[in-house]
Amino acid sequence: MNIQQIKEKYTCLDYLGKPAKKVAHGYLYHAPWREDKHPSLSVTPDGRGWHDLATGAKGSVIDLVMTHLNTRNFRRVIEELEKVRPDSFSFPQSNTFDGEKEKGLEYTRFELVPLQSQGLYAYLYKRGINIEIAKQFLQEARYSYKQTDDGTYIYTLAYQNDKGGVEMRNSIKKHSKAPKGITTHFDRGNAPVVVFEGFMDMLSFATLCGGVKHNYIVLNSIVNKQTAVDVLREYDNTIYLCLDNDNAGRETTRRMMEQLPAAVDISCRFAPYKDVNDYLCRNMHS
């Protein structure tokens, strides 16, 4: 493909995925190439142009990909865009989900597919997560609460628990699909097991370690602590507890250690930050 063909086939919206906010002049995104707490990447309504409000940079979808990947290699841009399925989704009219509506409706569509949306890649990048590590554990959930004729759906990171439920998360919302339960990863033989509250902390820990070097248990909610304790009682190797550095996390750690006296609390290694992902985000550029 030449430059004109790429510009005709792909838009910035296709590449970036779901926006952080819809505004009168188009869409706002968190710039995926830096920590961007307040969305400062503006995209035109038709998706053909973008403007970095923080730096003044602007351009086409080609310039966007080059900026994101920090490359001027045109072949690399083509390879990246070929991973995108143009027009595979549409955007909701609001930048938030209707939580009350969600509670009162059943899914009219729910499917899990391999992680592939650029918007979700951008979210993981923003959180400091190694994408290749994330792909080992995460899928992409595509769902809706009403029947549509245009193929519209919501999409989010998806992490399955041992009961078949799904933990879901994107830049807008954190929620789940029942049933709730823990998730166990015992693929590393006699390696120690590390216990986390949520999957983002597990992925952050693996990123900091340079890869998956431990077994893991993710509570997915501290209410599942007893289920984890029951599993860990049968575990013969070292147990590390890496829960949040807040009151709820410390209390959960205390209660688990009462029943698992050999367990080691390592959450202090990430203090004074709230959790492992907070630690990673604050230190990944230092």
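What is the number of the single condition among (1) part of a helix (DSSP H, G or I); (2) in contact with a strand residue (DSSP E or B) (Cβ under 7 Å, 6 or more places away or on another chain); (3) within 16 Å of Gly181 (Cα to Cα) that Lys225 does not meet?
Every listed condition holds for Lys225 apart from (2).
For the stretch 213-224, which positions are open to solvent by 30 Å² or more (accessible area, probe 1.4 Å) and more than 22 Å from Glu251 (Cβ to Cβ)?
Lys213, His214
In the stretch 232-244, which residue that is open to solvent by less than 50 Å² (accessible area, probe 1.4 Å) and modelled with pLDDT of 95 or more is farthest from Val276 (Cα to Cα)?
For the stretch 232-244, the residue satisfying everything is Leu232.
Yes or no, residue by residue, for (1) surrounded by fewer than 18 Cβ atoms within 10 Å (Cβ to Cβ); (2) modelled with pLDDT under 95; (3) closer than 16 Å to Met202 by Cα:
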| position | (1), (2), (3) |
| --- | --- |
| Ile129 | no, no, yes |
| Ala134 | no, no, yes |
| Leu138 | no, no, yes |
| Ala141 | no, yes, no |
| Ser144 | yes, yes, no |
| Thr148 | yes, yes, no |
| Thr152 | yes, yes, no |
| Lys163 | yes, yes, no |
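For the stretch 245-271: of the residues being of a type outside the set (Gly, Ala, Ser), part of a helix (DSSP H, G or I) and under 15 Å from Phe205 (Cβ atoms), which is most open to solvent (accessible area, probe 1.4 Å)? Break it down into steps so the answer makes sense when it comes.
Restricting attention to the stretch 245-271, the residues satisfying the condition of being of a type outside the set (Gly, Ala, Ser) are 245-247, 250-261, 264-266, 268-270.
Imposing the further condition that a residue be part of a helix (DSSP H, G or I) reduces the set to 247, 250-259, 268-270.
Remaining after also requiring under 15 Å from Phe205 (Cβ atoms): 268-270.
Numbers: Cys268: 91, Arg269: 157, Phe270: 20 Å².
Per the stated criteria, the residue is Arg269.
Can you say whether Thr156 is among the polar types (S, T, N, Q), in contact with a strand residue (DSSP E or B) (Cβ under 6 Å, 6 or more places away or on another chain) and surrounded by 22 or more Cβ atoms within 10 Å (Cβ to Cβ), as far as the supplied structure shows?
Numbers: among the polar types (S, T, N, Q): yes; in contact with a strand residue (DSSP E or B) (Cβ under 6 Å, 6 or more places away or on another chain): yes; surrounded by 22 or more Cβ atoms within 10 Å (Cβ to Cβ): yes.
Yes; evaluated as a whole, the condition is true for this residue.
Select from the stretch 272-286 the residues that are within 11 Å of Leu243 (Cα to Cα) and outside any helix (DSSP H, G or I) and write down the one among them that is least open to solvent (accessible area, probe 1.4 Å).
Per the stated criteria, the residue is Asp275.
Are any of the residues in the stretch 144-156 of a type in the set (Phe, Trp, Tyr) and under 26 Å from Val229 (Cβ atoms)? Show your work before the answer.
Going through the stretch 144-156, the residues of a type in the set (Phe, Trp, Tyr) turn out to be 145, 153, 155.
So of that shortlist, the ones also under 26 Å from Val229 (Cβ atoms) come out as none.
No - not one qualifying residue is present in the stretch 144-156.
Filtering the stretch 1-52 down to residues that are among the small types (Gly, Ala, Ser), at pLDDT 85 or above and open to solvent by less than 10 Å² (accessible area, probe 1.4 Å), which residue is nearest to Tyr125 (Cα to Cα)?
Checked the stretch 1-52; the qualifying residue nearest to Tyr125 (Cα to Cα) is Ala31.
Filter the stretch 175-212 for residues that are among the basic types (Lys, Arg) and part of a loop (DSSP other than H, G, I, E, B); which is least open to solvent (accessible area, probe 1.4 Å)? So that I can check it myself, show each step before the final result.
Taking the stretch 175-212 as the starting set, the residues that turn out to be among the basic types (Lys, Arg) are 177, 180, 188.
Filter once more, so that each one left must be part of a loop (DSSP other than H, G, I, E, B): 180, 188.
Working: Lys180: 76, Arg188: 107 Å².
Checking each candidate, the answer is Lys180.
Residues of the stretch 55-68 being open to solvent by 70 Å² or more (accessible area, probe 1.4 Å) and at pLDDT below 90, which ones?
Thr55
Out of all the residues in the stretch 167-174, is one or more part of a helix (DSSP H, G or I) and crowded, with 17+ Cβ neighbours inside 10 Å? Reasoning before the result, please.
As a first pass, look at the stretch 167-174 and keep what is part of a helix (DSSP H, G or I): none.
Within the stretch 167-174 (the criterion being part of a helix (DSSP H, G or I) and crowded, with 17+ Cβ neighbours inside 10 Å), the answer is no, since none of the residues qualifies.
Spot the failing condition for Gly49; the list is (1) small (Gly, Ala, Ser); (2) under 27 Å from Tyr143 (Cα atoms); (3) in contact (Cβ under 8 Å) with a residue 24 or more places away in the chain, and only one is missed.
(2)
I need the full set of residues from the stretch 42-65 which are within 16 Å of Lys22 (Cβ to Cβ) and acidic (Asp, Glu), in order please.
Asp46
The values are calculated or read from the model by the stated rules, or taken from the named source; none is laboratory data. Only a predicted model underlies this, so the values are computations on that prediction, with no experimental measurement involved. Quick reminder, even Gly has a Cβ in these numbers, built from the backbone with ideal geometry, and neighbours come from all protein chains shown. Heavy atoms of the whole protein, side chains included, go into the accessibility calculation; ligands, DNA and RNA do not. Shrake-Rupley method; radii C 1.70, N 1.55, O 1.52, S 1.80 Å.
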